[in-house]
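Asker: I am attaching a structure below and will ask some questions about it afterwards.
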Amino acid sequence: MHEPAWEKMLSVFAPKGKADNHSAGVVAVDGKGNMAAVLHSINTVLWGGTGIFVDGVSIPDSATFQQLQIARIKPGDRLPDTTNPVIVLKNDKPYLGSSCTGSALHQYTMSNLVNVLDFGMDLKKSVDTPNFMGPYFGSPVGGGTVPQIYMEVLAEGTFDENLIKAVVAKGQAIKLIPKNQTGGSGYWVAIQIDPKTGKRVGIAPPSSNGEIAGY
(Lines give C-alpha, C1' and ligand atoms only; values in the text may rest on other atoms or scores of the structure.)
Protein backbone atom coordinates (compact mmCIF):
# COMPACT_ATOMS: atom_id res chain seq x y z
CA MET A 1 0.00 0.00 0.00
CA HIS A 2 1.32 3.43 -0.90
CA GLU A 3 1.99 5.53 2.17
CA PRO A 4 0.85 9.17 2.16
CA ALA A 5 3.79 11.60 2.27
CA TRP A 6 2.88 12.77 5.77
CA GLU A 7 3.37 9.24 7.10
CA LYS A 8 6.99 9.27 5.97
CA MET A 9 8.56 12.65 6.70
CA LEU A 10 7.29 16.19 7.12
CA SER A 11 9.38 19.27 7.75
CA VAL A 12 8.83 23.00 7.91
CA PHE A 13 11.55 25.57 7.74
CA ALA A 14 12.42 29.17 7.00
CA PRO A 15 14.17 30.27 4.89
CA LYS A 16 14.28 28.27 1.65
CA GLY A 17 16.86 28.49 -1.11
CA LYS A 18 20.63 28.84 -1.04
CA ALA A 19 20.48 32.61 -1.38
CA ASP A 20 18.43 33.14 1.76
CA ASN A 21 20.98 32.44 4.46
CA HIS A 22 19.60 34.06 7.59
CA SER A 23 18.07 32.82 10.85
CA ALA A 24 16.08 29.65 10.30
CA GLY A 25 13.65 27.66 12.44
CA VAL A 26 13.34 24.00 11.49
CA VAL A 27 10.82 21.40 12.69
CA ALA A 28 10.75 17.83 11.36
CA VAL A 29 8.73 14.67 12.04
CA ASP A 30 9.48 11.21 10.64
CA GLY A 31 7.15 8.33 9.87
CA LYS A 32 7.41 6.97 13.41
CA GLY A 33 6.40 10.24 15.00
CA ASN A 34 9.87 11.22 16.16
CA MET A 35 10.12 15.00 16.28
CA ALA A 36 12.94 17.54 16.18
CA ALA A 37 12.76 21.31 16.64
CA VAL A 38 15.83 23.51 16.18
CA LEU A 39 16.82 27.10 15.47
CA HIS A 40 19.91 28.45 13.73
CA SER A 41 20.76 32.13 14.09
CA ILE A 42 23.62 34.63 14.00
CA ASN A 43 22.00 36.20 17.12
CA THR A 44 22.24 39.76 15.89
CA VAL A 45 20.21 42.65 14.52
CA LEU A 46 19.90 42.27 10.76
CA TRP A 47 23.46 41.48 9.55
CA GLY A 48 25.13 43.17 12.50
CA GLY A 49 25.85 46.84 13.10
CA THR A 50 29.64 46.51 13.12
CA GLY A 51 30.00 46.68 9.35
CA ILE A 52 32.78 44.10 9.61
CA PHE A 53 32.76 41.20 7.15
CA VAL A 54 35.33 38.42 6.90
CA ASP A 55 35.24 36.42 3.66
CA GLY A 56 31.67 37.60 3.14
CA VAL A 57 30.54 36.59 6.64
CA SER A 58 29.28 39.40 8.92
CA ILE A 59 30.69 39.69 12.43
CA PRO A 60 27.67 39.79 14.77
CA ASP A 61 26.95 42.61 17.20
CA SER A 62 25.11 40.46 19.74
CA ALA A 63 26.47 42.47 22.69
CA THR A 64 25.00 45.76 21.46
CA PHE A 65 21.42 44.84 22.33
CA GLN A 66 22.01 42.29 25.09
CA GLN A 67 23.65 44.46 27.74
CA LEU A 68 21.18 43.35 30.41
CA GLN A 69 22.06 39.70 29.83
CA ILE A 70 25.78 40.48 29.81
CA ALA A 71 25.51 42.31 33.13
CA ARG A 72 24.16 39.15 34.76
CA ILE A 73 27.06 36.87 33.77
CA LYS A 74 30.76 36.69 34.60
CA PRO A 75 33.52 37.73 32.18
CA GLY A 76 34.24 34.87 29.79
CA ASP A 77 30.85 33.19 30.28
CA ARG A 78 28.68 32.41 27.26
CA LEU A 79 25.54 34.42 26.71
CA PRO A 80 22.45 32.42 27.69
CA ASP A 81 20.63 30.90 24.73
CA THR A 82 17.45 32.94 24.29
CA THR A 83 15.97 30.82 21.50
CA ASN A 84 13.03 28.61 22.34
CA PRO A 85 12.33 25.59 20.12
CA VAL A 86 9.43 23.66 21.66
CA ILE A 87 8.19 20.08 21.65
CA VAL A 88 4.82 19.46 23.32
CA LEU A 89 3.90 15.93 24.42
CA LYS A 90 0.39 14.51 24.66
CA ASN A 91 0.01 11.15 26.39
CA ASP A 92 3.82 10.92 26.39
CA LYS A 93 4.03 11.25 22.59
CA PRO A 94 5.12 14.24 20.45
CA TYR A 95 2.06 16.31 19.64
CA LEU A 96 3.35 19.73 18.56
CA GLY A 97 6.80 20.98 17.60
CA SER A 98 7.69 24.59 16.91
CA SER A 99 10.54 27.00 16.40
CA CYS A 100 10.61 30.76 15.93
CA THR A 101 12.96 33.45 14.65
CA GLY A 102 12.83 37.23 14.97
CA SER A 103 13.09 39.85 17.70
CA ALA A 104 9.67 38.87 19.07
CA LEU A 105 10.29 35.11 19.01
CA HIS A 106 9.23 34.69 22.66
CA GLN A 107 5.98 36.64 22.21
CA TYR A 108 5.07 34.88 18.96
CA THR A 109 5.84 31.46 20.41
CA MET A 110 3.74 32.02 23.52
CA SER A 111 0.84 33.56 21.56
CA ASN A 112 0.68 30.65 19.15
CA LEU A 113 1.07 27.99 21.84
CA VAL A 114 -1.82 29.53 23.78
CA ASN A 115 -3.90 29.76 20.58
CA VAL A 116 -3.35 26.10 19.71
CA LEU A 117 -3.16 24.41 23.11
CA ASP A 118 -5.63 26.50 25.13
CA PHE A 119 -8.07 27.76 22.49
CA GLY A 120 -7.92 24.80 20.12
CA MET A 121 -7.08 26.82 17.00
CA ASP A 122 -5.62 25.05 13.99
CA LEU A 123 -2.13 26.16 12.96
CA LYS A 124 -3.29 28.30 10.04
CA LYS A 125 -5.82 30.25 12.11
CA SER A 126 -3.25 30.72 14.85
CA VAL A 127 -0.56 32.32 12.65
CA ASP A 128 -3.22 34.52 11.02
CA THR A 129 -4.26 35.84 14.46
CA PRO A 130 -2.63 39.13 15.61
CA ASN A 131 0.34 38.71 17.94
CA PHE A 132 2.22 40.84 20.41
CA MET A 133 5.34 42.13 18.68
CA GLY A 134 7.88 42.24 21.48
CA PRO A 135 9.73 45.19 23.06
CA TYR A 136 10.12 48.41 21.11
CA PHE A 137 13.73 48.38 19.91
CA GLY A 138 13.30 51.44 17.70
CA SER A 139 14.93 51.36 14.29
CA PRO A 140 18.44 49.89 14.16
CA VAL A 141 19.05 51.28 10.67
CA GLY A 142 20.46 54.75 9.97
CA GLY A 143 20.43 55.96 13.56
CA GLY A 144 16.69 55.36 13.78
CA THR A 145 14.59 56.00 16.86
CA VAL A 146 15.60 55.46 20.47
CA PRO A 147 14.75 51.98 21.84
CA GLN A 148 12.07 51.86 24.53
CA ILE A 149 12.25 48.22 25.57
CA TYR A 150 9.77 48.72 28.42
CA MET A 151 7.05 49.20 25.78
CA GLU A 152 5.27 46.31 24.07
CA VAL A 153 4.70 46.81 20.35
CA LEU A 154 1.27 46.30 18.80
CA ALA A 155 0.12 47.03 15.27
CA GLU A 156 -2.68 49.59 15.04
CA GLY A 157 -6.14 48.10 14.68
CA THR A 158 -5.18 44.53 15.55
CA PHE A 159 -6.45 44.57 19.14
CA ASP A 160 -9.58 46.09 20.64
CA GLU A 161 -8.97 49.58 22.05
CA ASN A 162 -10.62 48.70 25.37
CA LEU A 163 -8.28 45.72 25.76
CA ILE A 164 -5.25 47.94 25.11
CA LYS A 165 -6.47 50.50 27.66
CA ALA A 166 -6.95 47.73 30.24
CA VAL A 167 -3.42 46.45 29.65
CA VAL A 168 -1.95 49.96 30.00
CA ALA A 169 -3.98 50.49 33.19
CA LYS A 170 -2.29 47.43 34.67
CA GLY A 171 1.12 49.00 34.08
CA GLN A 172 2.25 47.64 30.70
CA ALA A 173 3.21 50.45 28.33
CA ILE A 174 2.12 49.93 24.72
CA LYS A 175 3.72 51.27 21.53
CA LEU A 176 1.24 51.36 18.63
CA ILE A 177 2.74 51.34 15.15
CA PRO A 178 1.16 51.32 11.67
CA LYS A 179 0.44 47.85 10.29
CA ASN A 180 2.91 48.32 7.47
CA GLN A 181 5.73 49.47 9.77
CA THR A 182 8.34 47.06 11.10
CA GLY A 183 8.49 47.23 14.89
CA GLY A 184 8.99 43.71 16.10
CA SER A 185 8.68 40.41 14.36
CA GLY A 186 8.35 36.71 14.94
CA TYR A 187 8.30 33.91 12.38
CA TRP A 188 6.76 30.81 13.94
CA VAL A 189 6.97 27.42 12.20
CA ALA A 190 5.27 24.33 13.56
CA ILE A 191 4.09 20.77 12.96
CA GLN A 192 1.14 19.21 14.77
CA ILE A 193 0.36 15.49 14.86
CA ASP A 194 -3.24 14.31 15.15
CA PRO A 195 -3.17 11.74 18.01
CA LYS A 196 -6.01 9.72 16.46
CA THR A 197 -5.01 9.56 12.80
CA GLY A 198 -1.29 10.35 12.97
CA LYS A 199 -1.75 12.99 10.27
CA ARG A 200 0.87 15.73 10.25
CA VAL A 201 0.00 19.36 9.57
CA GLY A 202 2.71 21.98 9.11
CA ILE A 203 2.65 25.77 9.02
CA ALA A 204 5.10 28.46 7.97
CA PRO A 205 4.22 32.15 8.41
CA PRO A 206 2.92 33.97 5.33
CA SER A 207 5.23 36.92 6.02
CA SER A 208 8.40 34.87 5.55
CA ASN A 209 9.78 32.60 2.86
CA GLY A 210 9.24 29.42 4.87
CA GLU A 211 8.42 26.11 3.27
CA ILE A 212 6.51 22.93 4.16
CA ALA A 213 7.79 19.71 2.61
CA GLY A 214 6.69 16.07 2.74
CA TYR A 215 8.98 13.21 1.74
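The values are calculated or read from the model by the stated rules, or taken from the named source; none is laboratory data. None of the values given here were measured: they were computed from a predicted structure. Note that we place each Cβ from the backbone using ideal geometry, even for glycine, and neighbour counts take in every protein chain shown.
Asker: Give the residue, chosen from Val86, Val114, that is in contact with a Cys (Cβ under 9 Å, 6 or more places away or on another chain) and either more than 29 Å from Lys199 (Cα to Cα) or among the aliphatic types (A, V, I, L, M) (or both). Show your work before the answer.
Answerer: On the way: Val114 fails: in contact with a Cys (Cβ under 9 Å, 6 or more places away or on another chain).
From the options Val86, Val114, the qualifying one is Val86.
Asker: Hey, another quick one. Would you mind stating whether Ser103 is surrounded by 15 or more Cβ atoms within 10 Å (Cβ to Cβ) and in a loop (DSSP other than H, G, I, E, B)?
Answerer: When the stated conditions are applied, Ser103 passes them.
Asker: While we're here: Please state which of the following conditions Leu68 fails to meet, knowing it meets all the rest: (1) part of a loop (DSSP other than H, G, I, E, B); (2) of a type outside the set (Asp, Glu); (3) not assigned by TED's automatic domain parsing to the domain that holds Val29.
Answerer: Looking at each condition in turn, Leu68 falls short on (1).
Asker: Just to verify a result, which residue in the range 183-203, among those that are closer than 30 Å to Val146 by Cβ and not aromatic (Phe, Trp, Tyr), is farthest from the chain's Cα centre (by Cα)?
Answerer: Gly183
Asker: Can you report the number of residues in the range 102-131 which are in contact (Cβ under 8 Å) with a residue 40 or more places away in the chain and touching a helix residue (DSSP H, G or I) at 6+ places or on another chain (Cβ under 6 Å)?
Answerer: Qualifying residue count, the range 102-131: 4.
Asker: Run down Val88, Val116 and say which single residue is within 18 Å of Gly25 (Cα to Cα), more than 14 Å from the chain's Cα centre (by Cα), surrounded by 14 or more Cβ atoms within 10 Å (Cβ to Cβ) and in the same structural domain as Ser208 (by TED's automatic domain parsing).
Answerer: Just a single option satisfies the conditions, and that option is Val88.
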